[in-house]
Ligand SMILES: O=C(O)CCC(=O)C(=O)O
Ligand SMILES: [Fe+2]
């Protein structure tokens, strides 16, 4: 099935013609808006295929005006894959500090029982540092602050495409270790969170080696797979060269021309591709309430 998200929106009739699925382009480097779909209900084949195609093209889908119980949210996610589960010795967001016991639905909130608080979050791909990272995540907005707490996604395929040919050649075959920030929290350094591991810093374990430039498993596009502030190391290169290259690539991918910033409304569900994007969040006033629920989907080993 093909889908073009431009002037002619895709239309799928459901509920005896009562509602029409519409997927509209968001005017930014990535993103599409989904309306006319009740995601609390079981989906039809045509709807799922249209959403998957739109995700492949636009990397981020924003479902508007949703109201889902937890079981319905889990069913929606399950059309796109199974829930991400980390290895027992790899702590991730929402797991107990040493790994394991990760809930299927993670409460992202500044209220008691939630994770990630109210501070700014640097741009990252969920579970990037695990052996088999997540294919995508869904975040459902239940309570949102009057200002701040916006989430920005970065199009890493566009960031790769925009690199000059010399840089593309230079980095195409490099291997990257992205160290687990949840492990770093358990082993803090007096110097804070490093942006690049140098030989004087003992490596965190376990770690995984992945390509710096990965291939999207569904589109075949090349992706500059690097987070904004995660502790990284390019394997087998001089540390000074590696650190300078990473700084340069980070400055490149953080350009606003690769980004879409989402201002949350209650009832938004955003489903994004962790294999093609980073996401960051702006800070918000801790006196306000922000409550979202997140499901991450399992993925495949990057290549
Ligand atoms: O709070 C947000 O907007 C994003 C949080 C986040 O990084 C996540 O849920 O994976
Ligand atoms: Fe995240």
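Taken together, the values in this text are just the output of simple stated rules run on the coordinates, not laboratory data. All of these numbers come straight from a predicted model, not from anything done at the bench. A quick note on method: Cβ atoms are made from the backbone with ideal geometry, for glycine too, and the neighbour counts reach across all protein chains shown.
Along each of the three principal axes of the Cα atoms of the chain, give the extent in whole Å, ordering the values from largest to smallest.
Projected onto its principal axes, the Cα set of the chain covers 65, 47, 34 Å.
Work out, step by step, the length gained on full extension between residue 266 and residue 83: first 0.36 nm times the residue separation, then minus their alpha carbon distance; give nm to one decimal.
On the way: separation 183, 0.36 × 183 = 65.88 nm, distance 2.38 nm.
Full extension from residue 266 to residue 83 adds 63.5 nm.
Note down the Stokes-Einstein diffusion coefficient of the stretch 136-199 in µm²/s, whole number, using a Kirkwood radius over alpha carbon pairs, 37 °C, and 0.692 mPa s.
On the way: Rh = 16.4 Å.
D, rounded to a whole number, is 200 µm²/s.
Assuming R0 = 30 Å, what is the FRET efficiency of residue 198 and residue 283, from their Cβ-Cβ distance, to the nearest 0.05?
The formula returns an efficiency of 0.55 here.
Can you tell me the orientation of helix 45-58 relative to the chain, as the angle in degrees between its alpha-carbon axis and the longest Cα principal axis, to the nearest 10?
So the inclination is approximately 40 degrees.
Please rank 212, 195, fewest neighbouring Cβ atoms within 10 Å first, as an exposure proxy.
195, 212
Would you mind computing, in nm to one decimal, how far apart the modelled labels at residue 215 and residue 240 are, each placed 7 Å from Cα along Cα→Cβ?
3.6
Output the relative contact order of the stretch 156-253, whole-number percent, from Cα pairs under 8 angstrom with separation of 6+ residues.
Value for the stretch 156-253: 39 percent.
Please tell me the relative contact order of the chain in percent, rounded to the nearest whole number, where contacts are Cα pairs under 8 Å and at least six residues apart. Walk me through the numbers on the way to the answer.
Working: 640 pairs, mean separation 91.1, N = 303.
Over the chain, the number comes to 30 percent.
Report the dimensions of the stretch 217-277 along its three principal axes from the alpha-carbon atoms, largest first, rounded to Å.
Principal axes ranked by extent give 48, 26, 21 Å for the Cα atoms.
Treating the angle as unsigned and between 0 and 90°, give the value, to the nearest 10°, between the Cα long axis of helix 239-253 and the longest Cα principal axis of the chain.
Between helix and principal axis, roughly 20 degrees.
Give me 160, 264 sorted ascending by neighbouring Cβ count inside 10 Å, so fewest comes first.
264, 160
On average over all directions, what projected area in square nanometres does the stretch 144-271 have, based on the convex hull of its Cα atoms?
Average of the hull's projected areas for the stretch 144-271 equals 10.1 nm².
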